[in-house]
Amino acid sequence: MASLKVDFPLILVNLKTYREATGEKAVKLAVVAEEVSKRTGVSIAVAPQAIDLRMVVEATEAPVFAQHIDPVGYGKYTGHVLPEAVADAGCAGTLISHSERRLKLDAIEATVKRAKEVSLLPVVCVDTPERGRAVAPFGPDAVAIEPPELIGTGIPVSKARPEVVSGAVEAVKAIDPRVKVLCGAGITSGEDVAAAMKLGAEGVLVASGVVKAEDPYGVLMDLAKAMRR
Ligand code: G3P
């Protein structure tokens, strides 16, 4: 029952809608994340699809994030993801405005507020340092910088666009030094993680490099060990 705490530096594994990470396969990956986390002491969370959240929470100790919530409350909101339901399922946090589920600025602000009201840790995704500067005042626990063109390419943001990572760290910390900065897109190895940490990131948001790997355990071990250094 998702008892491991979210800590920084953090590896947040987004399971998206990948076939390799849907249903029981989401549970399997979360078990792998739990094992690697326990062996290395590095915090590793997973973000399954909404339909899989409760099952993953109940089957593993890994902290679980939603991929999205809506800024609604109980009532007439057919098809929305209710923050209270995600919190009641035992989730630790939520992604907000992932580049594959982009929200406007006012919706991001409202969603961060709703997440905090139900004690979900909000991680807001942005594509540029400027956008990081714009969302930092909303008080998310973390901002994740991800240039969309590198997502799923295996070309790591920390090496291909280092200035975007360091720029986001600078922009966000200038507004509120308590907001953590993660980076993501194309991260597949410990080397990519080490480069990200050097640029000031306090963790990574990763998907295909882990989910589509032949050996997700080996990849996560590599990422986690690089984070410990
Ligand atoms: O949410 C993480 C994601 O967008 C990065 O994807 O596949 O490049 O690790 P990927």
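For the stretch 10-228, relative contact order (Cα pairs under 8 Å, six or more residues apart, normalised by length) works out to 19 percent. Between Leu121 and Gly93, Thr94, the built amide H atoms are under 5 Å apart, and every one of these is 5 or more places off in sequence or on another chain.
Computed with a 1.4 Å probe over protein heavy atoms only, the accessible surface of the chain comes to 43 Å² per residue. Given a 1.4 Å probe and every protein chain left where it sits, what share in percent of the accessible area of the chain is carbon and sulfur? The C+S portion of the solvent-accessible surface of the chain is 51 percent. A simple spin-label model places the labels of Ala160 and Arg19 2.4 nm from each other, with each point 7 Å out along Cα-to-Cβ. Rounded, prolate or oblate: which one fits the stretch 146-229, using the alpha carbon gyration tensor with axes a ≥ b ≥ c (rounded when a/c is under 1.5, else prolate when a/b beats b/c, else oblate)? In terms of gyration-tensor shape, prolate.
Each Lys and Arg adds +1 at its Cβ and each Asp and Glu adds -1 at its Cβ; summed about the Cα centre, the stretch 10-228 shows a dipole of about 200 debye. Its Cα gyration tensor gives the chain an equivalent ellipsoid, and the semi-axes of that ellipsoid, as √(5λ) in whole Å with the largest first, are 24, 22, 15. Electrostatic tally near Lys116: other residues with Cβ closer than 12 Å to its Cβ, Lys and Arg +1, Asp and Glu -1, net -1.
The values are calculated or read from the model by the stated rules, or taken from the named source; none is laboratory data. Everything numeric here is computed off the predicted structure, so don't read it as measured data. Neighbour counts are summed over all protein chains in view; Cβ atoms, including those assigned to glycine, are modelled from backbone coordinates with ideal geometry. To get the accessible areas, we keep the full protein, side chains included, count just its heavy atoms, and leave off ligands, DNA and RNA. Shrake-Rupley method; radii C 1.70, N 1.55, O 1.52, S 1.80 Å.
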